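A short write-up of the structure that comes next.
Readers should treat all values here as calculations from the given coordinates under stated rules, not as data from a laboratory. On a predicted model such as this, the values are computed, not experimentally measured, just so you know. Ideal geometry is used to build each Cβ from the backbone, glycine not excepted, and the neighbour counts take in all protein chains shown.
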Amino acid sequence: MNNYVFVGNDETSSQFLRTLSADKYPSLIITGDDRKSGRGRKTKESPLADFACEYGINLIKTGKKINQELIDQLKNGKYDYFLIFSYGYILEKTFIDLPKKMSVNIHPSLIPKLRGAAPINRAVMNGEKKTGVTFFKMNEKMDAGPVIIQESCEISENITSIELKEKLIDIASQMFVSFDWSKFFPLIEQNENKVTFAKKITKDDLLYSTNYSAKELNNRINGLSEFGIKAFSNNKQIKLRQSKLIEKTSSNGKSTLTVENGRIILYTNNGSLEILKIQLSGKKIMSNKDFLNGNKITAGDKLCAEYSE
């Protein structure tokens with residue numbers, strides 16, 4: 001793909017561009033305006049701004065809605081393609097129809113399955129065995145355009161959303177580079193009867209519950225590894241960041257914690273799992289070993305959703 005505009009807005013889109021060789025870089029990058037983030041609410045640029053500056057690529061920042069001035073500017077560019085990956089804002093038809101050939105979206109799922117905001121997280125949370133990457137021609141409906149190319153990959157049992165994202169970015173870059181964008185290619189309409197959605201992650205998704213089975217909790221912890229599942233133990237707020245299913249049973253009851261041979265084991269109402277990474281509120285993420293070096297877990301301690309449990 002030559003003479004294309006890349007549209008993205010986060011670390012995922014930045015990582016994708018960094019996997020490409022210089023001859024595959026876009027002519028122009030469009031990204032979101034600077035935003036306030038973090039506890040200090042400091043103004044922060046999109047990761048794509050750093051990439052554009054580093055490699056001398058023209059950059060345009062825009063708000064959630066792309067204005068008419070920018071649309072008029074892009075009309076004069078006569079770009080062949082727009083390539084969109086992890087932009088996060090709705091793009092209107094007037095923008096989508098600007099390139100000479102088409103606007104192409106990269107979506108990290110096997111659409112029509114898992115259309116929407118959080119396909120990587122939901123794939124792991126749902127316990128899916130397979131996912132993939134789809135390049136499709138954009139239209140005004142969300143993730144509904146005809147498919148250009150698609151490639152699948154397996155989801156291993158204990159993979160985290162962070163690990164799966166990196167895997168899918170690599171697959172996407174290989175697909176992008178190996179595909180011949182200069183030749184005619186067929187477009188395959190999606191089967192609307194097979195559509196499922198990957199809705200946005202909410203605060204409620206990040207809360208621990210004593211009602212989860214070991215398998216459900218393991219999928220949830222690993223599927224939300226970049227956020228962490230919030231829980232309480234010994235009146236301390238913690239986040240569960242990574243786990244491993246072990247299916248060991250105990251008569252100690254659900255939500256019971258034990259330490260066995262240097263491993264933190266959490267028993268549920270159905271099976272158990274090993275906590276591999278954990279984070280105290282306001283602290284860095286730690287391995288289970290590092291956590292135990294400074295924090296004591298007594299056999300029978302409970303993991304709670306709230307102090308009152």
So what's the projected area for the chain, the Cα convex hull averaged over all directions, in nm²? 17.9
Antiparallel bridge percentage (DSSP; both residues within the chain; nearest 5): 70
What do you get for the angle between helix 161-178 and the principal long axis of the chain? Use alpha-carbon atoms, 0 to 90 degrees, nearest ten. 20
XL table Lys113/Lys284; Lys42/Lys93; Lys42/Lys230; Cα-Cα > 29 Å flagged, in table order, is Lys113/Lys284; Lys42/Lys93
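Given the pairs Lys24/Lys61; Lys61/Lys100; Lys65/Lys101; Lys65/Lys239; Lys44/Lys130, which span a C-alpha to C-alpha distance of over 28 angstrom in this model?
Those over the limit are Lys65/Lys239; Lys44/Lys130.
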For segment 197-309, take every pair of Cα atoms, bin their distances at 5 Å starting from 0, and report each bin as a whole percent. 2, 13, 24, 28, 21, 9, 3, 1, 0
Along principal axes, Cα extents of segment 168-247, largest first, whole Å: 63, 30, 27
At a 10 Å Cβ-Cβ cut-off, how would you order Tyr208, Tyr55, Tyr79, fewest neighbours first? Tyr55, Tyr79, Tyr208
Residue among Tyr212, Asn270, Ser281 farthest towards the positive dipole end of segment 203-302, charges placed on Cβ: Ser281
Considering segment 83-191, what Rg and Dmax in Å follow from its alpha-carbon atoms? 13.9, 43
Report the calculated FRET efficiency for Glu140 and Lys44 (r = Cβ-Cβ distance, R0 = 45 Å), to the nearest 0.05. 0.90
Please state the equivalent ellipsoid semi-axes for segment 128-202: what are the square roots of 5 times the Cα gyration tensor eigenvalues, largest first, in whole Å? 23, 18, 11
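Please compute the volume of the convex hull spanned by the alpha-carbon atoms of segment 1-100 and report it per residue in Å³. Present the calculation step by step, with values, prior to reporting the outcome.
Working: hull volume 9.9 nm³, N = 100.
Residue-normalised Cα hull volume stands at 99 Å³.
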Sort largest first and round to whole Å: the equivalent ellipsoid semi-axes of segment 50-101, each the square root of five times a Cα gyration tensor eigenvalue. 18, 14, 12
Within 10 Å of each candidate Cβ there may be at most 10 other Cβ atoms; applying that plus a DSSP loop requirement, which chymotrypsin sites (Phe, Trp or Tyr not before Pro) in segment 219-309 survive? Tyr307
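Where does the chain land at 222 nm, in deg cm²/dmol rounded to the nearest 500, when only DSSP H runs of n ≥ 4 count, each adding -39500 (n - 2.57), divided by all residues?
Working: 8 runs with 71 residues, N = 309.
Using -39500 (n - 2.57) per qualifying helix, the result is -6500 deg cm²/dmol.
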Lys, Arg +1 and Asp, Glu -1 on Cβ, resulting dipole of the chain about Cα centre, debye, nearest 20: 740
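Only Lys, Arg, Asp and Glu count, each charged at its Cβ (+1, +1, -1, -1), so figure out the dipole size of segment 142-195 about its Cα centre, rounded to 20 debye. Spell out each step's value before the answer.
Working: 4 positive and 10 negative charges, 34 e Å.
The dipole magnitude comes to about 160 debye.
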Under a point-charge model restricted to the Cβ atoms of Lys and Arg (+1) and Asp and Glu (-1), what is the dipole moment magnitude of segment 203-302 relative to its Cα centre, in debye to the nearest 20? 260
Segment 149-212-segment 288-306 distance, computed between alpha-carbon centres (Å): 34
Theoretical gain in end-to-end length, Glu154 to Tyr89 [0.36 nm per residue, Cα-Cα removed]: 20.5 nm
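Using DSSP, restrict attention to beta bridges with both residues in segment 1-83 and report what percent are antiparallel, rounded to the nearest 5.
Working: 3 of 14 bridges.
Antiparallel: roughly 20 percent of the beta bridges in segment 1-83.
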